[in-house]
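Working notes, beginning with the structure itself.
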Amino acid sequence: MRHLMLVVLAVASATSFAQRNPELERAQQQLAQKKYDAALKSLDAAEKKGGLERDSLLTLLESRGLAQASLGQLDKAEQDFRALLQLEPKRDLTGKYVGKVAGVIASAKEWFKANGGIELGPLEPGAQDGRVKQVSLFVKNDPLKLISQVRFYLRKDGGAWKPVEAKVINGAAATDVDTETIEWWAEALSDRKDQLLFLGSAGRPIKQSAPAPVVAVVETKTDAPEKPSLTPVQVPVVETRTTTTQSGSALRPVGYVLLGLGVVAAGVGTYFGVSSFGEREKIKAELSMGGFDPAALYARDQAAIGGARVANILFAAAGALGITGGVLWFLGRDVAVVPGAGGGVTVLGKF
């Protein structure tokens, strides 16, 4: 019991780093005195006010789990400890409590091993005409439905931060913007606007811009020879019966070159696309495991996005080269002149 009392006092001291909240602080004192019913009432009052900072909310969940387990409300206690671990997977609970509380924590940890923590991440920006029109994020693995809304902090062209709130719908939240480049970070909030998780920060915001425009194919007129008719054409009688062949222009070799370049561009684009996709999958995996360096992960994510843009450009270029090469190959075919049976000649085109 002495060990339990020391743990309760440790929980109470942790509140000095949280938001000042009279009800929450009163609950810590009541827990130290083993007044669990009174502590639950104080914790409920603190929760109803809403707007708790993240540290205060984590303290509330741990304190309420302790009080409920001590009163034999084991299911409710395990639910609070599950939420605590989903929001803070590295929360140190091992050896902190004894008796019923320790058993409930062990069950919550088993549940967490099977379900993992909540995942947040940025999505590709919505863009139109070279401008960012929308920023968004995804919310994954939230079986307890803790996150209901998101507060975005937006900054355009180095200006002031502007907060905008958005609901989480089908695992994503988004807000509209209209700028060439955007910096943003976000807070994941509960239905009472308690701080749950952060994505980025004012010091390390997420920076996004509109993707590079797809390379357009520009049609150019060439002095290509007219397509010869395959219908025999009667011409004046000539003395010679020799078959003559007029070679086509140099367009066909140029067409081969452009087709080859198109194949190369498609191959390189495939490499960049596959590499970018693989890197993004690795980043998602590291986000799910936690313990990552946000700055390093952000830099890798930006590099992966850049690789995807290069792949898109190369695919567009490959298409343009392929179309142009095919047209030149068609226009560069040969023309043959064959003597006719009646003394005339026949002009035929051949591929």
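The values are calculated or read from the model by the stated rules, or taken from the named source; none is laboratory data. Everything quoted here is computed from the prediction, not taken from an experiment. We place every Cβ from the backbone using ideal geometry, glycine too, and count neighbours over all the protein chains shown. When the accessible area is computed, the model is the full protein with side chains, heavy atoms only, and any ligands, DNA or RNA have been set aside. Shrake-Rupley method; radii C 1.70, N 1.55, O 1.52, S 1.80 Å.
What lysines could a cross-link reach from residue 284, if we take a straight Cα to Cα line under 25 Å and drop same-chain neighbours fewer than 8 places away?
90, 109, 113, 133, 140, 145, 167, 207
Test of understanding: what is the full-extension gain from residue 264 to residue 131, defined as 0.36 nm times their sequence separation minus their Cα-Cα distance? Don't skip to the end; give the middle numbers.
Values: separation 133, 0.36 × 133 = 47.88 nm, distance 3.05 nm.
Net length gain for the segment: 44.8 nm.
If you bin every alpha carbon distance in the stretch 67-123 into 5 Å steps from zero, what whole percent lands in each bin?
All Cα pairs considered, the percentages come to 4, 20, 30, 23, 12, 5, 3, 2, 1.
Counting only protein heavy atoms, what percent of the accessible surface of the stretch 94-144 is carbon or sulfur at a 1.4 Å probe? Could the numbers behind the result be given before it?
Working: 1280 of 2490 Å².
Roughly 52 percent, rounded to a whole number.
Write down the Å³ per residue value for the convex hull defined by the alpha carbon atoms of the stretch 27-98.
Hull volume over Cα atoms, normalised by residue count, gives 89 Å³.
About its Cα centre, what dipole magnitude does the stretch 90-206 give when the only charges are +1 on Lys and Arg Cβ and -1 on Asp and Glu Cβ, stated in debye to the nearest 20? Numbers along the way, then the final one.
Values: 18 positive and 15 negative charges, 128 e Å.
In debye, rounded to 20, the stretch 90-206 gives about 620.
Rounded to the nearest 0.05, what FRET efficiency do residue 109 and residue 212 have when you use their Cβ-Cβ distance and R0 = 56 Å?
Step by step, r from the Cβ atoms, then E = 0.75.
Scale the Cα Rg of the stretch 110-177 by the rule-of-thumb value 2.2 N^0.38 Å and send over the ratio, two decimals.
Working: Rg = 14.6 Å, N = 68, 2.2 N^0.38 = 10.9 Å.
Here the Cα radius of gyration is 1.33 times the empirical estimate.
Below 12 Å, Cα to Cα, which aspartates and glutamates can residue 162 reach? Residues fewer than 8 away in the same chain don't count.
Here the aspartates and glutamates satisfying the reach criterion relative to residue 162 are 183.
With θ set to phi - 60° and the Karplus curve 6.51 cos²θ - 1.76 cosθ + 1.60, what are the ³J(HN,Hα) couplings of the stretch 298-310 in order, to the nearest whole Hz, using x for Gly and Pro?
5, 4, 5, 5, 5, 5, 5, 5, x, x, 5, 5, 4
Mean shadow of the stretch 59-160, computed from the convex hull of its alpha carbons, in nm²?
That works out to 8.8 nm², a quarter of the Cα hull's surface.
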